[in-house]
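Asks: This is the structure I want to talk about, given as structure tokens.
Just so it is clear, none of the values below were taken in a lab; they were calculated from the coordinates. Source: prediction; values computed, not measured. As a convention, Cβ positions derive from the backbone with ideal geometry for all residues, glycine included, and neighbour counts pool all protein chains shown.
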Amino acid sequence: MGYLEKSVEMLSRKWAESGPLIKQAFFNNVQPLTGQIRMLQTEAQRLRTEINVGNIGMSQSLASRLSIEASSMRARTCAEAAKISAPLSELSASADAIDRDLRITESTVALFSQASFPLKPEESPVLAIEGKIMSGEKNEGTLYFTNQRFVFEGKREVVLEKKLFIVTKKRTERVVALEQPIGALQEIAKGRVGLLAWTGIYVRFKPERRLAETAFDVKGWEADVITRFFNYIIGGEADRDIAQIRGTPTAPTAPAIQVVRCPNCNAPYTQELFKGQTSVKCEYCGTQIMIR
């Protein structure tokens with residue numbers, strides 16, 4: 001979420017530039033209308049008096065004139081207010097977007113603090129969303145995204161004690177049910193999952209992984225957040241933000257070609273190396289090869 005600081009700075013700069021102009025427009029164009037509105041209110045009270053005394057001719061003439069003036073005043077007021085509310089609405093929408101991402105950040109930090117798996121060296125948390133995997137036992141759990149991995153950690157209740165067939169003590173266990181290098185994910189698409197047409201996401205893996213498409217049940221707005229942050233990671237923006245925060249050199253946009261050889265038989269590894277992958281198995285002798 002390193003970009004949030006840039007967003008706040010940009011919003012502050014935009015308000016510093018536009019704020020005085022908006023205030024001046026209000027005092028010059030909107031505030032003077034209040035005096036004219038009060039005059040119309042006075043005339044309306046006069047109309048009420050003429051009606052009460054039965055002066056029909058004067059009442060009709062005054063009502064007709066007030067109707068025209070009120071319509072004109074309403075149009076002018078709406079037009080002037082729109083000139084001021086439009087830039088304010090734009091600034092408000094930007095502030096709301098920052099506030100929303102701050103809440104996502106707080107939730108992500110809290111969920112990562114409960115995770116059963118440790119982060120690897122040079123790995124940073126990016127997003128964590130609670131959801132339900134729609135395959136196998138359909139466990140509730142958490143979807144974790146780092147700059148290197150995608151992990152789904154399921155939760156299950158373990159009974160510790162029973163009395164007369166009634167559970168009196170239990171514990172929640174967290175187990176990693178799915179873990180893949182982030183580069184092994186080909187696509188994350190929003191869609192309908194389950195028989196009741198719940199909103200969720202479909203995680204599709206690259207053909208080389210030979211993994212079936214996996215669906216997760218999440219809220220509609222969370223599906224949008226997941227797809228946005230997946231693109232944020234895959235596009236390299238997350239790594240650039242992380243490097244800037246850490247004060248380390250920014251990784252090149254295009255990854256350098258890496259030649260991996262087995263330390264046991266010296267055979268080259270010919271398959272694709274995915275972003276976030278830390279080890280591969282030799283295609284010839286089966287030795288586990290660590291990747292730097």
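Asks: Helix by helix through the chain, keep the DSSP H runs that span 20 Å or more along the axis on Cα and average at least -1.0 on Kyte-Doolittle, and give those back in order.
Replies: On the way: long enough: 3-25 (32 Å, -0.49); 31-52 (33 Å, -0.82); 56-114 (80 Å, 0.12); 220-234 (22 Å, 0.45).
Helices meeting the criterion: 3-25, 31-52, 56-114, 220-234.
Asks: Follow-up. Any idea how far the Cα center of segment 80-136 sits from the one of segment 174-192, in Å?
Replies: If we compute the Cα centre of each part, the gap is 19 Å.
Asks: Taking the Cα centre of the chain as origin and charging only Cβ (+1 Lys, Arg; -1 Asp, Glu), how large is the dipole, in debye to the nearest 20?
Replies: Approximately 440 debye in magnitude.
Asks: What list do you get for Thr214, Thr227, Thr49 if you sort them by fewest beta carbons within 10 Å?
Replies: Thr49, Thr227, Thr214
Asks: Oh, and also: Where does each of Met134, Met39 land when they are ranked from fewest to most other beta-carbon atoms within 10 angstrom? If you can, show how the numbers build up before the last one.
Replies: Working: Met134 17, Met39 12.
In order of increasing Cβ crowding within 10 Å: Met39, Met134.
Asks: A follow-up question, please. If you average over every viewing direction, what projected area does the convex hull of the Cα atoms of the chain give, in nm²?
Replies: For the chain, averaging the hull's shadow over all directions gives 29.3 nm².
Asks: Which ordering of Leu119, Leu185, Leu21 is given by a fewest-first count of other beta-carbon atoms within 10 Å? Don't skip to the answer; put the middle values down first.
Replies: On the way: Leu119 14, Leu185 23, Leu21 11.
Result, fewest neighbours first: Leu21, Leu119, Leu185.
Asks: Among Lys162, Lys14, Lys170, which one shows the highest mean-square fluctuation when the chain is modelled as a Gaussian network with alpha-carbon springs under 10 Å?
Replies: Checking each option, the largest mean-square fluctuation is seen for Lys162.
Asks: Any idea what the alpha-carbon Rg over 2.2 N^0.38 Å comes to for segment 3-114?
Replies: Cα-based Rg divided by the globular estimate yields 1.82.
Asks: Which of Ile291, Leu11, Gln60 sits closest to the plus end of the dipole of the chain, meaning its Cα is farthest towards the positive end, when Lys and Arg get +1 and Asp and Glu get -1 on the C-beta?
Replies: Gln60
Asks: Filter the chymotrypsin sites (Phe, Trp or Tyr not before Pro) in segment 157-219 to those in DSSP coil with at most 15 other Cβ atoms within 10 Å of their Cβ, and list the result.
Replies: For chymotrypsin sites (Phe, Trp or Tyr not before Pro) across segment 157-219 that sit outside H, G, I, E and B with at most 15 neighbouring Cβ atoms in 10 Å, the list reads Phe165.
Asks: Of Glu123, Glu272, Glu161, which is the most mobile in a GNM of the chain whose springs link Cα atoms less than 10 angstrom apart?
Replies: So, out of Glu123, Glu272, Glu161, the one fluctuating most is Glu161.
Asks: Just Tyr269, Tyr232, Tyr144 to compare: in a GNM of the chain, with alpha carbon springs under 10 Å, which one fluctuates most?
Replies: Tyr269
Asks: Go ahead and estimate [θ] at 222 nm for the chain from helices alone: -39,500 (n - 2.57) per DSSP H run with n ≥ 4, summed, over the residue count, rounded to 500.
Replies: Computed mean residue ellipticity for the chain: -15500 deg cm²/dmol.
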